[in-house]
Amino acid sequence: MSGGLQLPLGIPFGSSPSFTELVGRERPEALPSALTDPPFPVPHGTTVLGLKFDGGMLMAGDRRATAGNLIADAKMRKVFAADDYSAIAIAGAAGQAVELVKLFQLELEHYEKITGDRLSLEGKANRLAQMIRGNFPLAMQGLVVVPLFGGYDHRRNEGRIFYYDATGGRWEEDDYQTIGSGSQPAKNSLKKRWRAGLTRDDALRVAAEALIDAADDDSATGGPDTVRGIWPVMVIVTADGATDVPESEIAVAVEAVQAARGGAS
């Protein structure tokens, strides 16, 4: 037939059996608002990244949170130590994401107190996947949370990075990964600058450059603000533990990137 194969009721072959999809296609105004957009502007965290270097891994994130076309927060923290040897970075619905981080930190602490032992890095990554899966009903209403997780694996003597989707799917990355609205330009930057065997200082500069590149191309990503002293947040995880990178070191890395480009952003 010229119009393609038809079923007896005139329905095109291969049509989705979902009634919600049918209504969304034919009468989108009839859908409940919870199935389309949140009923009010929700602040969202934007760009975070993780990368491996010689001796561990680094996570970094910009500081901007947006609500629609507005900047909801210019100093939001999106990167946290999950426990002594792991870190988590968040993108998505800001309030929901921060609550997920707090609960995850509590889960790891509780496990250690009850068992007297620390979960393996694989175990932590799997537990986080279960928590993301539990958030899936809210994700369907627009409150999506997608974290980046990593840490130092003492069994392998190396840093490792895990990334997720909204359903709780979990994958491991061998070198670097980005998530958030500015993830593509940040990943393009890392593709050019990352290499195996990076030193700690090199890793700081590579991460800073990736976030600056993301801010150049993505309006929801906030670049370093040298006037107000707003710098990215970075957490380093090595065999010695997870530590926040001092702002003074981050400022040096940012200034090195800007100097190589011939001026400040």
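The values are calculated or read from the model by the stated rules, or taken from the named source; none is laboratory data. Everything quoted here is computed from the prediction, not taken from an experiment. Because the Cβ atoms are built from the backbone with ideal geometry, glycine has one as well, and the counts that use them run over all protein chains shown. Side chains included, ligands, DNA and RNA excluded: accessible areas come from the protein's heavy atoms. Shrake-Rupley method; radii C 1.70, N 1.55, O 1.52, S 1.80 Å.
Can you list, largest first and rounded to whole Å, the semi-axes you get for the range 47-201 by taking the square root of 5 times each eigenvalue of its Cα gyration tensor?
Values: eigenvalues 107, 93, 35 Å².
They are 23, 22, 13 Å, listed largest first.
So if I take the centroid of the Cα atoms in the range 107-142 and the same for the range 180-222, what is the distance between those two points in Å?
If you average the Cα positions of each part, the centres end up 28 Å apart.
For the range 92-233, give the percent of accessible area contributed by carbon and sulfur heavy atoms, probe 1.4 Å, rounded to a whole number. Let's see the in-between values first.
Values: 3210 of 6820 Å².
Carbon and sulfur atoms account for 47 percent of the accessible area of the range 92-233.
Excluding Val101 itself, calculate the net charge of residues whose Cβ lies under 12 Å from the Cβ of Val101, where each Lys or Arg counts +1 and each Asp or Glu counts -1. Before the final figure, lay out the partial values.
Numbers: positive: Arg77, Lys78, Lys102; negative: Asp83, Glu99, Glu107.
Charge balance in the 12 Å sphere: 0.
Using a cut-off of 10 Å between beta-carbons, work out the net charge of the residues near Glu209 (Lys and Arg +1, Asp and Glu -1, Glu209 not included). Provide the component values of the computation, followed by the final result.
Numbers: positive: Lys192, Arg193, Arg205, Arg261; negative: Asp213.
In short, +3.
Over 5 Å intervals from 0, what percent of Cα-Cα pairs in the range 45-109 sits in each interval?
Once binned at 5 Å, the Cα pair distances of the range 45-109 give 4, 17, 25, 23, 16, 10, 4, 1, 0.
For every other residue with a beta carbon closer than 10 angstrom to the beta carbon of Asp62, add +1 if it is Lys or Arg and -1 if Asp or Glu, then tell me the sum.
Surrounding charge for Asp62 is +2.
Roughly how compact is the range 155-194, stated as its Cα Rg over 2.2 N^0.38 Å to two decimals? Walk me through the numbers on the way to the answer.
Details: Rg = 11.9 Å, N = 40, 2.2 N^0.38 = 8.9 Å.
Normalised Cα radius of gyration, the range 155-194: 1.33.
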